[in-house]
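Student: I'd like to ask you about the structure that follows.
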Amino acid sequence: AQSVTQPDIHITVSEGASLELRCNYSYGATPYLFWYVQSPGQGLQLLLKYFSGDTLVQGIKGFEAEFKRSQSSFNLRKPSVHWSDAAEYFCAVGGPGNQFYFGTGTSLTVIP
Amino acid sequence: EPEVTQTPSHQVTQMGQEVILRCVPISNHLYFYWYRQILGQKVEFLVSFYNNEISEKSEIFDDQFSVERPDGSNFTLKIRSTKLEDSAMYFCASSDRSYNSPLHFGNGTRLTVT
């Protein structure tokens with residue numbers, strides 16, 4: 001069965017520091033992978049997606065993610081975090097039919 | 001940029017009442033979805049809708065729930081006889097094709113059942 005695991009429930013980083021949010025997936029075929037961000041009281045905004053091709057994908061707001069098939073991972077990275085990046089981050093995999101499976105999310109706190 | 005809009009932003013209802021959550025998907029999108037997020041928990045799939053019928057639903061989406069596209073623009077989720085555990089944020093989403101197309105989400109309706 002398809003599933004997504006985000007091992008880190010909460011991460012705190014200093015502004016300007018680098019960031020990596022982990023995502024592991026379980027899927028029987030070539031996965032379609034996504035990262036979404038949710039600011040407080042807001043909906044889910046797409047940061048980036050991976051379908052095929054280059055395993056390093058660039059997204060909005062300076063985020064990137066790397067697909068590693070051997071590790072079943074799709075970790076999200078940002079070289080220098082800004083205070084406005086504080087939010088909840090969700091990894092998702094596109095499943096059969098048209099259902100998406102979301103991870104439990106990682107809450108990011110940015111300290112000055 | 002086109003957006004998915006949801007109304008109301010917050011709905012309070014008494015247990016046992018019926019509620020209708022409304023969504024206007026992006027106009028050229030063909031696939032519509034409802035997701036639910038109970039406070040502090042992950043986003044859960046409820047139902048997907050295509051070509052005027054349900055294409056997939058989760059085990060959460062039981063007979064208490066129904067969806068409808070009453071006209072060319074609105075997409076609604078009806079919850080009959082609400083329960084306390086239905087309190088959650090409900091997100092509508094749409095996409096222009098299935099499977100590998102990103103979902104575009106609305107800002108959600110926070111449903112509080114008292």
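Student: Filter segment A:47-83 down to the residues that are open to solvent by 50 Å² or more (accessible area, probe 1.4 Å) and touching a residue at least 24 places away in the same chain (Cβ under 8 Å) and list them by number.
Tutor: Passing the criteria: A:K61, A:Q71, A:R77, A:P79, A:S80, A:H82, A:W83.
Student: For segment B:47-59, what are the residues that are more than 10 Å from every other protein chain (Cβ to nearest Cβ) and either among the basic types (K, R) or not in a loop (DSSP other than H, G, I, E, B) (or both)?
Tutor: The first filter runs over segment B:47-59 and keeps only residues more than 10 Å from every other protein chain (Cβ to nearest Cβ), leaving B:51-54, B:59.
Matches in segment B:47-59: B:E53, B:I54.
Student: Also, I was wondering about something else. Does B:Q41 satisfy the condition of being open to solvent by 20 Å² or more (accessible area, probe 1.4 Å), under 30 Å from A:I9 (Cα atoms) and within 14 Å of chain A (Cβ to nearest Cβ)?
Tutor: Numbers: open to solvent by 20 Å² or more (accessible area, probe 1.4 Å): yes; under 30 Å from A:I9 (Cα atoms): yes; within 14 Å of chain A (Cβ to nearest Cβ): yes.
When the stated conditions are applied, B:Q41 passes them.
Student: Taking B:T82 as meeting all but one of (1) surrounded by fewer than 21 Cβ atoms within 10 Å (Cβ to Cβ); (2) not in a strand (DSSP E or B), write down the number of the exception.
Tutor: Of (1) surrounded by fewer than 21 Cβ atoms within 10 Å (Cβ to Cβ); (2) not in a strand (DSSP E or B), only one is false for B:T82: (1).
Student: Those residues that are in contact with a Phe, Trp or Tyr (Cβ under 6 Å, 6 or more places away or on another chain), open to solvent by less than 10 Å² (accessible area, probe 1.4 Å) and at the interface with chain B (Cβ under 8 Å from one of its Cβ atoms), I need them from segment A:18-42; list them, please.
Tutor: A:Y36
Student: Which ones in segment A:84-112 are open to solvent by less than 40 Å² (accessible area, probe 1.4 Å) and either within 11 Å of the chain's Cα centre (by Cα) or of a type in the set (S, T, Y) (or both)?
Tutor: A:Y89, A:F90, A:C91, A:A92, A:V93, A:F102, A:G103, A:G105, A:T106, A:S107
The values are calculated or read from the model by the stated rules, or taken from the named source; none is laboratory data. Everything numeric in this text was worked out from a predicted model, so none of it was measured. Glycine gets a Cβ as well: all are built from the backbone with ideal geometry, and neighbour counts include every protein chain shown. Surface areas here come from the heavy atoms of the whole protein model, side chains and all, with no ligands, DNA or RNA. Shrake-Rupley method; radii C 1.70, N 1.55, O 1.52, S 1.80 Å.
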